[in-house]
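**Q** Shown below is the structure under consideration.
Here, each number is a calculation from the coordinates, and none is a lab measurement. Keep in mind that what you see is a predicted model, and the values were worked out from it rather than measured.
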Amino acid sequence: MEIEKLKQIGFSDLDIKIYEYILKKGEVNKKNLLEELNINSKDLEESISRLLQFGSIEIIGDTIVLVSPKIFLSKFLKIKELEFESKLVELKRIISELQNTLEQIYVESKYGIRLEELWQPIENLKEMEVETIKLISRAKNEISILTERFSYYPRIREELISAVDRNVEVKVLFLTFNKEIEDRIKELKMNKIKVRISKGLWRNIRFTIVDKKEAVFLIWAKKERGERIYYRPGYTKNQGMIEVLLDTFQYLWNIAEEIK
């Protein structure tokens, strides 16, 4: 019978027997159940307690009343969905931690280099801005910035101007151009910062390089549907990575439009 499928969601044989009896009668009392089903009171109380937990019955006075199967099964399913969702969130967290730990060991054993020797993760964009300010404050010769709109400029403005005052050459290369950027460019040039606009050559990376020795960067990635997301930002002083970033910047800078 179909009712036996209740066992698949956790009902015991006795639970199903009692539930089926109530289902056919509509409502009963404990005395009826004891007499009609020939079960002891302890087993009956335990089964009724489980049926109450499932939400399949209610007790009104001395009467056991059936809850609509549609309502109780829908609530049961919702509870299980929330439980699985919570477990999935926790599983994803564990998997993420395992990936980070195991991948580092794998890369080190396979290629003989630790990931931290290539770059150090930065927690979020706010921390990236803090690290960028620190980076600029250490600049002695040159700063190269590849950006889209340079929306964080107001927050690093003082440090950039201070760098210029120290005779540090500052170059800013924009990947897009609009009215907001035009006003920003005017201020940059007024502060003796060199500016160019990329000729439509999009790059899914943003970075600040200082003295060809260290950099803060962010690499964009795309989901399957195409939305842009960002990986965790990073800091590097690995010369191999610095050279890759410098080559990208220099190529784009050389073919970019100079703003006069």
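**Q** How big is the Kirkwood radius of the chain, worked out from every pair of different alpha carbons and given in Å to one decimal?
**A** One over the average 1/r among Cα pairs gives 24.2 Å for the chain.
**Q** Gaussian network model of the chain, Cα springs within a sub-10 Å range: biggest mean-square fluctuation belongs to which of LYS80, LYS134, LYS194?
**A** LYS80
**Q** Among GLU83, GLU36, GLU127, determine the one that fluctuates most according to a GNM of the chain built with springs between C-alpha atoms less than 10 Å apart.
**A** Looking only at GLU83, GLU36, GLU127, the largest GNM fluctuation is found for GLU36.
**Q** Then there's this: Report the extension gain between GLU97 and GLU85 in nm, rounded to one decimal, defined as 0.36 nm multiplied by the number of residues separating them, less their alpha carbon distance.
**A** 2.5 nm
**Q** Under the rule of -39500 (n - 2.57) per DSSP H run of 4 or more residues, summed and divided by the residues of the chain, what mean residue ellipticity at 222 nm is obtained, to the nearest 500 deg cm²/dmol?
**A** Dividing the helical sum by the residues of the chain leaves -17500 deg cm²/dmol.
**Q** Can I ask one more? Can you bin every Cα-Cα distance in the range 1-143 into 10 Å intervals starting at zero and give me the percent of pairs per bin, rounded to whole numbers?
**A** Calculated P(r), rounded to whole percents: 9, 24, 16, 11, 9, 12, 11, 6, 2, 0.
**Q** Where is the GNM fluctuation largest for the chain (alpha-carbon springs, 10 angstrom cutoff): TYR235, TYR152, TYR21?
**A** With Cα springs under 10 Å in the chain, the top fluctuation among TYR235, TYR152, TYR21 is at TYR21.
**Q** Rg(Cα) of the range 29-112 divided by 2.2 N^0.38 Å?
**A** The range 29-112 yields a ratio of 2.04.
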